[in-house]
1. Taking the Cβ of SER206 as the center, what net charge do the other residues with Cβ under 9 Å away carry, scoring Lys and Arg +1 and Asp and Glu -1?
2. Suppose a student asked you for the relative contact order of the range 272-384, using Cα pairs under 8 Å spaced at least 6 residues apart; what percent would you report?
3. What ranking do MET363, MET1, MET194 get, fewest neighbouring Cβ atoms within 10 angstrom at the top?
4. Please work out the FRET efficiency for the pair VAL59 and THR205, using the Cβ-Cβ distance as r and a Förster radius of 41 Å; give the result to the nearest 0.05.
5. Quick check: Cα centre of the range 92-139 to Cα centre of the range 309-334, how many Å?
6. Just want the ordering: ASP166, ASP366, ASP177, from fewest to most Cβ atoms lying within 10 Å of their own Cβ.
7. In whole Å, what is the distance between the alpha-carbon centres of the range 160-188 and the range 10-36?
8. Can you give the net charge of the other residues whose Cβ lies under 10 Å from the Cβ of VAL44, counting K and R as +1 and D and E as -1?
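Values quoted throughout were computed directly from the atomic coordinates according to the rules given, and no laboratory measurement underlies them. Since the structure is predicted, the reported quantities are computational estimates derived from the model, not experimental observations. Neighbour counts are summed over all protein chains in view; Cβ atoms, including those assigned to glycine, are modelled from backbone coordinates with ideal geometry.
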Amino acid sequence: MTVLQWIALASLLAWLYLAVGHGTFWRTDQRLPRRQAPASWPSVAIVIPARDEADVLPVTLPSLLTQDYPGPVRLILVDDGSTDGTPEVARALAEQAAQRGGSNVTAAVTASTEPPPGWTGKLWALRRGIECAGDVEFLLLTDADIAHDPGSLTALVASARTQRLDMVSQMAVLRADTFWERIIVPAFVYFFAMLYPFRWSNRSTSRVAAAAGGCSLVRREALIRAGGLAEVRGAVIDDVAIARIIKRSGGRTWLGLADQVHSRRPYPRLADLWKMVSRSAYAQLRHSPLLLIGTVLGLSLVFLVPVVATVVGIAAGDLTVALIGAVTWLIMTLTYVPMVRYYRQPLASALLLPGAAALYLAMTVDSARLKRAGRGAAWKGRTYDGHGTPERRGLGTTTLAPHVAAPHVAVVQPPRDPWDLPVPATPADPTATNSSSTSSS
């Protein structure tokens with residue numbers, strides 16, 4: 001056999017394993033598990049960290065303010081140093097919802113502070129929101145660009161109670177409207193499922209643990225038992241990190257695809273999608289050059305070789321290479337069809353998976369380049385080093401003036417911090433002192 005034949009055969013064997021032995025990652029049937037209404041509905045706090053989200057909040061926040069959840073629920077939006085009027089927009093939307101009535105959701109707006117060394121801004125803001133939540137049973141951690149159907153929270157809580165789960169997470173349905181969104185977005189979810197097969201993540205005996213940060217319902221006691229957010233304070237990919245510590249501490253986690261949760265953030269240009277992926281792709285590889293090399297070789301073998309083998313085999317008259325390449329490409333395509341159907345795209349677009357993989361390969365390499373240039377994990381004015389420490393770019397935090405416009409709307413002053421546990425005390429570490437002395441109002 002020629003070298004190309006051996007390479008093509010290796011790609012075929014890799015796909016045979018992926019198709020039948022890798023947790024059937026390509027299936028899209030992992031949806032919220034069987035559930036029934038509990039005898040009494042537990043208390044819930046919805047925590048939303050928001051940084052410069054004034055444009056998207058009018059589309060998403062009302063969907064959470066009007067949830068039909070039967071029990072007590074409080075929404076806490078934590079402004080993370082916005083400069084575009086995010087807290088004012090949030091207050092106005094909360095006032096409008098309160099005046100309309102018809103929902104059990106009460107709303108509060110508070111402000112985070114600039115994260116101390118070792119903390120990412122989002123996790124520091126989530127921490128502030130959890131402080132304000134008080135002694136609730138469940139925390140719904142969601143993003144400012146995520147919209148929820150009216151019954152979303154009810155379904156999440158019912159599933160958690162029925163199945164005795166400590167974390168229930170759903171991968172939100174991302175926008176796939178523009179040309180580049182149609183190419184990149186279904187592949188993004190497909191690759192995520194390949195990296196963290198949902199069935200393996202949902203198995204209590206498996207070491208795989210993952211979650212989707214846009215929609216994660218967490219039992220508060222389970223998070224405390226796992227050490228709180230301080231355990232993952234520097235994680236850029238915080239959703240997976242939270243799932244890991246909860247599962248490691250004995251908690252039960254579940255991850256699946258959403259039907260009632262949708263991302264409303266648009267990515268109209270390739271550059272927008274490129275930035276979304278490249279800012280964290282190298283962090284996923286733990287900033288390891290060896291893992292980067294392995295990823296490049298692995299992605300090339302799995303996704304690019306079948307196409308190359310098919311084309312080169314036909315051009316060179318090597319029917320063996322062409323046949324192996326075509327069969328492998330067919331297997332790859334068939335595994336992608338369920339995700340294409342989930343996103344309601346033309347079935348023929350499944351043939352474009354190798355092209356999407358090539359783009360992701362380039363984004364991953366670019367992510368490593370940005371990290372070496374000191375611009376890795378950059379997001380809305382913050383750039384994090386390899387340990388999650390933010391490099392200041394001159395953006396301060398927005399201070400909220402006291403404001404109470406309606407019975408359901410208030411600015412909350414966080415109480416003493418119950419999560420201030422594992423941060424190492426060093427002379428330069430501001431969290432070595434009582435962090436509750438930092439005002440967030």
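1. Details: positive: ARG199, ARG203, ARG207, LYS247; negative: none.
Its environment carries a net charge of +4.
2. Numbers: 103 pairs, mean separation 40.0, N = 113.
RCO, the range 272-384: 35 percent.
3. Working: MET363 19, MET1 10, MET194 15.
The order, fewest Cβ neighbours first, is MET1, MET194, MET363.
4. Working: r = 41 Å, r/R0 = 0.99.
Efficiency computed from Cβ-Cβ geometry: 0.50.
5. After rounding, the separation between the Cα centres reads 54 Å.
6. Numbers: ASP166 24, ASP366 17, ASP177 10.
Placing the least packed residue first, the sequence is ASP177, ASP366, ASP166.
7. 16 Å
8. With Lys, Arg at +1 and Asp, Glu at -1, the neighbours total +1.
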